[in-house]
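**Q** So that we are looking at the same thing, I have put the structure below in structure tokens.
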Amino acid sequence: MKLKFQSPTGMHDILSEEQKYFKKIHDAVEEVAEFYGFKRIETPILEETDLFSRGIGLSTDVVKKQMFSFRTKGGDHLTMRPEGTASVIRAYLQNGMQSLPRPIKLWYFGPFFRYEKPQAGRFRQFWQFGLESIGEEGAVRDAEIVQVLYAILKKLRLKNIAIEVNSIGSKCCRPYYRKILVNYFKSRSSSLCANCQRRIKENPLRILDCKEEKCQRIVLQAPQTMDHLCRDCHQDFKEFLEFLDELELPYSLNPHLVRGLDYYGKSVFEIFSSSENKEEGQEEGSPALSKNALGGGGRYDGLAELLSTKKENDTPSTGAAMGIERIIGAMKKDKIKPSHKAKPQIFLAQLGGLAKRKTLKLMEEFRKARIPVLESLGRDSLRAQLSAADKAGAKYTLILGQKEALKGRIIIRYMSTGKQKEVDMEKIVKEMKKLCK
Ligand code: AMP
């Protein structure tokens, strides 16, 4: 039977089992990112639509097809953020972070929205964490981002991580590369998919990572960015690879890696888990059927200038974002369980109004002592409460009746034997601490 209300297409509730994965990932990101000097930032979920169309680029799929945009009652054009970098740079400019010592290193963790066709690993509301390193050039910063991402995935105990890297050049060499790429694709346009035929004019680099088989065949022979980098970009990319070598990170060159957003230049990278892409029953190491990246990023030196009214001084920057649901998918395929909290061993049972009030207070004392407890405050019958304690697997039930409550005493019931003993209410937390060690 169809329910009257369901969550919107491509948007999901995150129930308690899944929350454990979210928490584990969040804590790993926080620990590793903060160690490397990244500070947390949270930006609004809504931003002015122009921030994204300008920052990400009018001809990108994200801006053309995937934004949830609307007009407010006051007439503002707003968009639910499809990615984090443009917002973080907006916040950097708006909050005067230019005056801070560089680089300004920030991390975020939150929900993002893209109007996409929902499918495995692709949703309309999804979660990302991201890192941005703002205000310093040099390949060492790109390598640092990759290093932090890799360390986070390793901390989560993910196996089979692969990093793909490329350089897409910058203002000095990309226009020329773009020209020869357009010429190449124009001469073969009839063999490309309809989308890519349109991209020849609007966004020819994007053709390089089209997933259509017929386009991939054409792409195989296409001119590669790496052969057309200027001296500066070439040197920068070489240094980036040297840093990755030094860190012994498992990377490979992918000359067709371009990333989907216009603000990128120079080094770009994506991170994959062969486990996440492995279908059930597929052999280890066999080629992935559909290749979903866990995350990706790269350098975006011109973005601050593009988003600013003032001619900003140079703000060379680099960053990356990773998809939380995809990391969870990889963790599940690698059979990594999020650690769960110790199951409470104590069940609080009560009889009568006074006992109920005292139990509520007692719970607070257990919380302060960091001892987890279960309760059944809504129930009044002792038998029902004991049966609930039994079902929950509690080792001890603390029984507080009217009589005990008046005397300031409480009963400990050992669930396995049914034996009981009465102790002073004031000593119960200490006593249970000993028992639950
Ligand atoms: P992008 O900057 O578009 O490459 O996104 C970075 C990462 O976010 C991707 O590698 C995915 O892990 C994740 N991601 C992007 N879009 C979606 C989506 N629609 N659903 C789930 N995860 C996504």
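**Q** Rounded to the nearest 0.05, what FRET efficiency do SER187 and LEU100 give with R0 = 60 Å and r taken as the Cβ-Cβ distance? Could you check?
**A** 0.75
**Q** Still on this model: At 0.36 nm per residue, minus the direct Cα-Cα distance, what do LYS64 and MET1 gain on full extension? Give it in nm, one decimal, please.
**A** Taking 0.36 nm per residue and subtracting the Cα distance, the gain is 19.0 nm.
**Q** Let me ask something else about it. Å³ per residue of the Cα convex hull, for the chain?
**A** 229
**Q** Restricting to region 346-435, what percent of DSSP beta bridges are antiparallel, rounded to 5?
**A** Beta bridges within region 346-435, antiparallel portion: roughly 55 percent.
**Q** Which of THR49, THR359, THR72 has the fewest other C-beta atoms within 10 Å, and how do the rest follow up to the most?
**A** Fewest-to-most Cβ neighbours within 10 Å comes out as THR72, THR49, THR359.
**Q** Right, here's the next one. Rounded if a/c is under 1.5, else prolate if a/b beats b/c, else oblate: with a ≥ b ≥ c from the C-alpha gyration tensor eigenvalues square-rooted, which is region 346-435?
**A** Because its axes are fairly even, with a/c under 1.5, region 346-435 counts as rounded.
**Q** Something else about it: Run the quick spin-label model on MET11 and ASP390: label points 7 Å from Cα toward the beta carbon, then report their separation in nm to one decimal.
**A** So the two model labels end up 4.5 nm from each other.
**Q** How far is helix 353-368 tilted off the main Cα axis of the chain, in degrees rounded to 10, range 0 to 90?
**A** The helix 353-368 is inclined about 50 degrees to the chain.
**Q** Also: Multiply the residue gap between ARG198 and GLU42 by 0.36 nm, knock off their C-alpha separation, and tell me the result in nm, one decimal place.
**A** Result for the pair: 52.5 nm of gain on full extension.
**Q** Taking only Cα atoms, what is the 0 to 90° angle, nearest 10, from helix 139-155's long axis to the longest principal axis of the chain?
**A** In the chain, helix 139-155 runs at an angle near 30 degrees to the longest axis.
**Q** For a Förster distance of 22 Å, can you work out the FRET efficiency between the beta-carbons of ILE180 and ARG217, rounded to the nearest 0.05?
**A** Calculated transfer efficiency: 0.70.
**Q** Using only DSSP helix segments of four residues or longer, with each worth -39500 (n - 2.57), what per-residue ellipticity at 222 nm results for the chain after dividing by its residue count and rounding to 500?
**A** When only DSSP H runs of four or more count, the value is -11000 deg cm²/dmol.
**Q** Using a simple spin-label model with points 7 Å from Cα along the Cα→Cβ vector, what separation in nm is obtained for LYS434 and LYS171?
**A** Placing both labels 7 Å beyond Cα along the Cβ direction yields 7.4 nm.
No value in this document is a laboratory result; all are computed from the given coordinates. Source: prediction; values computed, not measured. All Cβ positions, glycine included, derive from the backbone under ideal geometry; neighbour counts span all protein chains shown.
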